[in-house]
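Okay, so here's the structure we're looking at.
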Amino acid sequence: MKSFLSVAIIAAIALLSWKSASLHYSKKMKAKGWTKLFDGKTKSGWHTYSKQDAGTAWDVEDGALHLNPQTKDGRGDLITDKEYTNFDLKLEWKISPEGNSGVIFLVHEDPAKYSQTYSTGLEMQVLDNVKADDNKKENHLAGSLYDLIGTAADSKPGPVGEWNKAEIILNNRNLKLILNKTTVVSTTLWNDDWNKLIAGSKFNGWADFATFKTGHIALQDHGHEVWYRNIEIKEL
């Protein structure tokens, strides 16, 4: 009995310490201008693209937003209720074997004109680099700006099932994508070089692709199980 009580007391102290540290961290981040986009418990602040609410295929599992592709109803990309222009976005992701997903930004939501988030938004790729079907091109690998910029040398995700840290910084047309502390992309949007880059990609001829300066942030439903957590943003 004494042993059981000791374990219970230690567990309670550990829980209180964790909550105290978490609260301190939250206050510190908020003071620096950071906002949590995901509270770790609910889908508040998010909805499925073209819908009013968040679909049932996205659930909350162990403090992470989790896509269960086996769920028949409620599928679709999960997007923020709010739109952003200049921002620093940080999050963690892990992918299932052979999995494919992405973080899409500057998404313009107009279901009557655009059926998908990627019709308008740019994508930071989330991928199982080893076994996913879409691993043949360097600029399709994890951390790349999908079909635009990326090299195999800079794409360094952890093994499947492990968490990866990603960051997207967009400020006055300057874009940087960072995966696990490695800068995979550093470029400038909407200049002549950018226009040439678009012209040489699969997006050539997509009239409104990457043209909106403000938009939603989306977590892609690509039909594979994926998890996202610790999603925070700072508007610049």
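Values in this text are rule-based calculations from the coordinates and carry no lab data. From a predicted model like this one, the values you see are computed outputs, not experimental measurements. No Cβ is skipped: glycine too gets one built from the backbone with ideal geometry, and neighbour counts run over all protein chains shown.
Worth a mention:
- Extension gain, R173 to T85, is 30.7 nm, computed as 0.36 nm per intervening residue step minus the present C-alpha separation.
- Calculated FRET value between W190 and K113, using beta carbons and R₀ = 30 Å, to 0.05: 0.90
- When the chain is treated as a GNM with alpha-carbon contacts under 10 Å, the residue of Y49, Y146, Y114 showing the greatest mean-square fluctuation is Y114.
- Each stretch of four or more DSSP H residues adds -39500 (n - 2.57); spread over every residue of the chain, this sum gives -5500 deg cm²/dmol at 222 nm.
- Fully extended contour minus Cα-Cα distance, from E92 to N204, at 0.36 nm per residue: 37.3 nm
- If you sort the three axes of the alpha carbon gyration tensor as a ≥ b ≥ c, you get a/c of 1.5 or more for the chain and a/b above b/c, which makes it prolate.
- With only the Cα atoms considered, region 35-143 has a convex hull volume of 125 Å³ per residue.
- The order of the peptides 28-40, 121-133, 73-85 by mean Cβ neighbours within 10 Å, most packed first, is 121-133, 73-85, 28-40.
- Full-stretch length increase - N230, K165 - with 0.36 nm per residue and alpha-carbon distance subtracted: 22.5 nm
- Considering only L170, L145, L189, the mean-square fluctuation computed in a Gaussian network model of the chain, springs between alpha carbons under 10 angstrom, is largest for L189.
- Separation between Cα centres of region 119-144 and region 55-117, rounded to whole Å: 15
- Diffusion coefficient, µm² s⁻¹, Stokes-Einstein with Kirkwood Rh over alpha-carbon pairs of region 158-216 at 25 °C and 0.890 mPa s: 183
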